[in-house]
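**Student:** Submitted below is the structure of interest, expressed as structure tokens.
The values are calculated or read from the model by the stated rules, or taken from the named source; none is laboratory data. This one's a predicted model, so the numbers in the text were calculated from it and none came from an experiment. The accessibility values were calculated without ligands, DNA or RNA, using every heavy atom of the protein model including side chains. Shrake-Rupley method; radii C 1.70, N 1.55, O 1.52, S 1.80 Å.
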Amino acid sequence: MPFRAFGLALLAASLLAACGGQPSSVEWRNVDVELPDGWYVFEDEDTRLSISNQDLAAVEDPEEAVPEGDVVAMFFTYEPDTLPDDWRGFVEQQDATLESDERIELDGQVPATRLVFEYVTDDIPTREMVVVIPSRGIVVLAQPVPAPGDDDAPEVFLEYLDTFQQVLDAAEFGRPLTE
């Protein structure tokens, strides 16, 4: 995520925090997403839902401050024209290592494709999981959010892989939205 976008995300988190405590689940695009214990919503818009293991609202100056400890996040985005091949192309373009590419089913009824890949971006090694849900036009990106100079993002991802999967497994899908 570009640093400027991270700053905007932190501003959104500040506004959410000012409005009250964090929910245990959130409904977005007719999908009920259960938050892991201690996780926070830091963006909730029509086309994007972002959750993280850190209280990003507590960061006073997003241009200068970096949260302490490991930061991981999941980004749910509405991308109605995105297909798994788009992400396979991204993996190839980044000269990334595709670790898994599998068809899965969410909520016992929603077909999806899950890709896990490792690559280097801005001289920082990372590992990410993308879940493409074409019938809903939804893409889920689960990843560490490394600070400049971090080199352990692939390992941080693995530490949180079960948590990412639990969020996906617990998601309940209502009827697809038509917009």
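**Student:** Order the following by accessible area, largest value first: Ile104, Ile138. Probe radius 1.4 Å; ligands, DNA and RNA are ignored. Please list the in-between numbers first.
**Tutor:** Working: Ile104 30, Ile138 5 Å².
These residues rank, largest area first, as Ile104, Ile138.
**Student:** Percent of accessible area on the stretch 51-168 owned by carbon and sulfur, 1.4 Å probe? Walk me through the numbers on the way to the answer.
**Tutor:** On the way: 2470 of 5890 Å².
Using a 1.4 Å probe with all protein chains present, the stretch 51-168 comes out at 42 percent carbon and sulfur.
**Student:** Taking only C-alpha pairs under 8 Å that are 6+ residues apart, what is the relative contact order of the stretch 31-168 in percent?
**Tutor:** 22
**Student:** While we're here: Contact order normalised by length for the stretch 99-155, with contacts defined as Cα pairs under 8 Å and 6 or more residues apart; what percent is it? Write out the running numbers ahead of the final one.
**Tutor:** Working: 103 pairs, mean separation 15.2, N = 57.
This gives 27 percent for the stretch 99-155.
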